[in-house]
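The values are calculated or read from the model by the stated rules, or taken from the named source; none is laboratory data. Being a predicted model, the structure only gives us computed values, none of them experimental. A quick note on method: Cβ atoms are made from the backbone with ideal geometry, for glycine too, and the neighbour counts reach across all protein chains shown. The accessibility values were calculated without ligands, DNA or RNA, using every heavy atom of the protein model including side chains. Shrake-Rupley method; radii C 1.70, N 1.55, O 1.52, S 1.80 Å.
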Amino acid sequence: MHENFIDIPGRTTGTIHRLTWFSFGNGNDGPHVYVQGGLHADEGPGMLAARLLVDRLIEEDGAGRVRGRVTVVPAANPLALGQFLHGDQQGRFDQYDGRNFNRDYPDLSARVIASVGDVLTDDPKVNTGRIRQALLQALETIEPSAPSDRLRYALMRLALLADVVIDLHCDGEAEVHLYTQPVSLERVLPLAALTRCRAVLVADVSGGEPFDEALTKPWGAIAKAFPEKAVAQGCTSCTLELRGRMDVDRKVAANDAAALVDYLRHIGVLTGHSEIPALPCEPTPLAGSEALVAPISGVVSFSVPLGHQVSEGDVIAEITDPVTGDVHAVRAGTSGVFYARPATRIAEINKRLGKIAGARPFRDGPLLSP
Ligand SMILES: [Zn+2]
């Protein structure tokens with residue numbers, strides 16, 4: 001195992017944020033997988049699962065079972081770990097400019113297309129290596145200044161080397177669910193099955209340039225730009241949502257780490273064999289995921305539990321106006337699994353009250369929460 005770090009200068013004199021990662025194996029005989037937790041620094045489940053994954057990998061490494069390579073960043077956002085407002089940690093948005101830490105990753109497609117044409121061959125394996133090199137060089141041409149952008153680029157620099165990228169997050173309160181793209185779906189489904197995902201949400205472009213999409217997108221664009229060359233999809237990525245913010249439990253996280261280890265075994269990063277169970281849900285389009293919205297403000301009580309299969313028209317929540325006593329029912333606009341809801345019970349007008357994974361696409365534009 002190697003432990004490495006880089007120091008990201010803070011916004012003011014005398015401040016430094018240290019980003020630490022662990023790597024296992026040399027990648028000579030298997031794929032390279034990158035796992036990070038806590039990009040949204042108020043999301044503990046992924047950080048704990050990633051750290052317990054490191055512990056498991058120390059054992060695997062000691063037993064000589066690492067064939068490929070694994071990079072793990074257990075606390076991917078030291079900047080936001082240190083952000084507080086009146087005692088409450090603020091991990092999702094940069095307090096300086098309000099930007100979401102999982103948005104605004106650079107699209108390297110155009111830069112790589114401009115540089116890589118002459119070095120592509122008829123061998124897809126050779127091309128994958130050359131494109132990866134070109135992606136790293138393209139990233140080097142951008143010089144970030146804001147600490148949050150330096151962090152974005154540092155994480156991308158690590159993840160661009162990987163064949164598979166797993167970004168661990170969580171929702172307010174949620175069942176395990178996962179976001180991915182059509183090009184990544186097949187390779188990601190065993191992970192969804194091992195982690196018992198209740199929703200697998202698929203979109204080509206979900207909007208806002210999140211981390212996972214910025215890593216996969218250039219490969220498709222390069223293949224499209226050079227149809228006569230053999231260009232494989234060199235990166236598979238997903239965002240795995242490990243339940244809700246309060247679901248931090250060492251036993252549950254140990255099971256999640258075990259599922260990640262099984263996945264690493266399945267795809268040949270570790271030696272051995274792992275059984276893949278049946279997936280507990282069918283993948284559905286992210287454009288079919290309904291975000292329920294509060295039309296009035298008040299106190300929210302949910303009428304159905306998380307994980308419930310709901311039908312269009314079902315009452316999902318009731319909002320009570322605490323002054324007038326008026327009650328407003330919030331109904332499902334689609335049928336599917338009720339897979340996520342906020343961790344608060346006070347709603348302002350337009351508050352997002354929960355998500356239903358429907359099979360019928362009905363949305364366009366930005367598909368992710370702000
Ligand atoms: Zn998140």
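For this structure, a couple of remarks:
- The length gained by stretching the chain between Ala359 and Ile296 to full extension, at 0.36 nm per residue less their Cα-Cα distance, is 19.9 nm.
- Note on the stretch 142-281: percent of Cα-Cα distances in each 10 Å bin, starting at 0 and stopping at the bin with the largest distance, equals 11, 36, 36, 14, 2, 0.
- Calculated P(r) of the stretch 62-205 - Cα pairs past 24 Å, %: 48 percent
- Overall dimensions of the stretch 127-186 as given by Cα atoms, namely Rg and Dmax in Å: 14.8, 42
- Put simply, the amide H of Gly354, placed in the peptide plane, has neighbours under 5 Å in Leu292, leaving out anything fewer than 5 places away on its chain.
- In Hz, Karplus ³J(HN,Hα) per residue of the stretch 361-370 (6.51, -1.76, 1.60; θ = phi - 60°; x = Gly, Pro): x, 9, 10, 9, x, x, 9, 9, 5, x
- Scattering from the stretch 247-304 was approximated by placing one identical point on each alpha carbon and applying the Debye formula without solvent; log10 I(q)/I(0) at 0.16 1/Å stands at -0.84.
- Measuring only protein heavy atoms, the 1.4 Å probe finds Glu3 accessible over about 120 Å².
- Projected onto planes of every orientation and averaged, the convex hull of the alpha-carbon atoms in the stretch 201-348 covers 12.7 nm².
- Projected over all directions and averaged, the alpha-carbon convex hull of the stretch 284-346 occupies 4.3 nm².
- Rg and Dmax [Cα atoms of the stretch 170-210; Å; Rg one decimal, Dmax integer]: 10.8, 29
- Directionally averaged projected area (the stretch 1-114, Cα convex hull): 9.7 nm².
- Calculated on the alpha-carbon coordinates, the convex hull of the chain measures out at 145 cubic angstrom per residue.
- Along the chain, counting only chymotrypsin sites (Phe, Trp or Tyr not before Pro) with a DSSP assignment other than H, G, I, E or B and at most 15 other Cβ atoms inside a 10 Å radius, the longest segment between sites is 97-361.
- Difference of contour (0.36 nm per residue) and Cα-Cα distance, Thr320 to Arg345: 7.9 nm
- With the helix formula -39500 (n - 2.57) applied to DSSP H stretches of n ≥ 4, the chain reaches a computed 222 nm mean residue ellipticity of -9000 deg cm²/dmol.
- Per residue, the accessible area of the chain comes to 43 Å², computed with a 1.4 Å probe over protein heavy atoms only.
- Whole-number D in µm² s⁻¹ for the stretch 1-47, Kirkwood Cα-pair radius fed into Stokes-Einstein, 20 °C, 1.002 mPa s: 163 µm²/s
- Only protein heavy atoms count here; on that basis, with a 1.4 Å probe, Asp61 has an accessible area of about 50 Å².
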